[in-house]
Amino acid sequence: MRLRFAQMPLFLQLCILTGAMMVVPAVHALTRQDFHEARSFFYGGLLTLIVSGFVAISLMGRRSNRTALRQLMALLAAFTVLPIIMAIPFAEALQTTTFLNAYFEMVSSFTTTGATLFAADRLSDTLHLWRALVGWSGGLLIWVAAAAILAPLNLGGFELTASAEPGRGEGRLLQMDGAEPATRMVRVVALLLPIYAGLTAVLWVCLLVAGDPVIVALCHALSTMSTSGITPLADYANHSSGFAGEVLVFLFLLFALSRLTFSNDTVTGAGTDLRDDPEFRIGLLLVLVVPLMLFLRHWLGAYDVNEEAEALAGLRALWGSVFTVLSFVSTTGFVSGGWEDAQNWSGLGTPGLILLGLAMVGGGVATTAGGVKLLRVFALYLNGVREMQRLMHPSSVGNATPMARRLRRQGAVVAWVFFMLFALSLASTTVLLAGLGVEFDAALVIAVSTLSTTGPLMAHALSLPIDLTALSDGAKIVAAAAMVLGRLETLAIVALFSPELWRD
């Protein structure tokens, strides 16, 4: 049975797993004696499994998952079509929304964006659990896809350190060279699923001990590991675990800065030591430098208005900045209660442009974080430093390892191409949203939020939160498409136009 499941098309496998996953909210609703929600998810999962089973029987004996490009196409189908299946029980259980709104919510959750159309008190605990679970599964999918699909194709950040062109080349997975795509997928799932689920369970238990209710702790654990930023609370800062809970979430958000924090199954830099990993070091630098700059600005603001700066208030403000910076660099979007304290303490508002910039930079390659990715920023930095050295010493020869030389030459070129594609995507999304009636500043924030998969940015980048319910149907479709584009990245979409995909 396991062998037959592995031989099924990837998209069909994901459909079966989605149907099975609906059992979790069905059981949860049953324990709450909400029989309508329990039936919605149970029947939705059962129908999905039945239809998927019939399709599997019709495809029996046919060889699937033949190439990595085919799997990349299945990955695109998963982020666009699977939310339709996920939205059916959600819309049926809620009953007071349109199917388009439910689809938007599921795309947002599955791409780990975390933007929501619904107020927290409008959804039940079961629906909040379903949103967080969908986001968690989307994070797991991108974890697995990074090693099993994107790395062999030199996409998703791996093109920077590869000698082959993006979308081509041999896989660089450790101990998996030459493996068929289906076999590679099975091995990567067996390697990463226990780590991903184990870390989530540990964080859930820790948050429970810290004082969060069961459903809140579970949703925050699922959202932290997937960097989706989904919370059942009206404001994350209102969580019961307080400072201890934020420290726990902070520690687990570090996994989004580099793949090497939890696995060495892929190669993205010159070594496998976390201390030498450029992504982790740049991420920590941002987490330390940006809060210190904000803290100094707030301290000067408090000094100018002649307020007495209490040490405890200053520490709360500093911690709020550190937590929030890491949260937005990892594209999670949780905002510490101390972030608001920092603004109140100084009497100055923190510009949302800083949050926009942090979200655009993003986290590590092959993690659940979105954005441009830290490794691409590092490649451009290396190239810039070398070019300045050549301005002063035109005949100099750079002393670096072959991997570093490749990263600052071919890697910098590919990183710059990606930046241009990202800028074009950002401009196009902003123009489309503005043309559909969204104000320009709101359109720009929505574009950055969706392309960087940082949905909570819409609530904190401007002085007032963006009302997504006021968007037209066309604007919601554009935003949903931008989420998928931001999750898969532009280079992966371009690779889908390869003739090899349609020749097989």
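Some observations on this one:
- Amide N proximity, region 14-48 versus ALA77 label position 7 Å along Cα-to-Cβ, cut-off under 13 Å: 14-16
- Using the Cβ-Cβ distance between ARG281 and LEU251 with R0 = 25 Å, the FRET efficiency computed as 1/(1 + (r/R0)^6) comes to roughly 0.90.
- Radius of gyration, Dmax [region 1-149; alpha carbons; angstrom]: 15.7, 49
- Ranked by the mean number of other Cβ atoms within 10 Å per residue, highest first, peptides 361-370, 246-255 order as 361-370, 246-255.
- Each Lys and Arg Cβ is given +1 and each Asp and Glu Cβ -1; about its Cα centre, region 7-137 then shows a dipole of about 620 debye.
- Working from label points 7 Å from Cα in the Cα-to-Cβ sense, the THR183 to HIS36 distance is 5.2 nm.
- Full extension of the chain segment joining PHE54 with MET420 gains 127.3 nm, where the gain is 0.36 nm per residue of separation less the Cα-Cα distance.
- Rounded to whole Å, the principal axis extents of the Cα atoms in region 400-503 read 51, 39, 19, largest first.
Quick note: the coordinates plus some simple rules give every number you see, no bench work behind them. None of these values were measured; they are calculated from a predicted model. Note: ideal-geometry Cβ built from the backbone for every residue, glycine included; neighbour counts use all protein chains shown.
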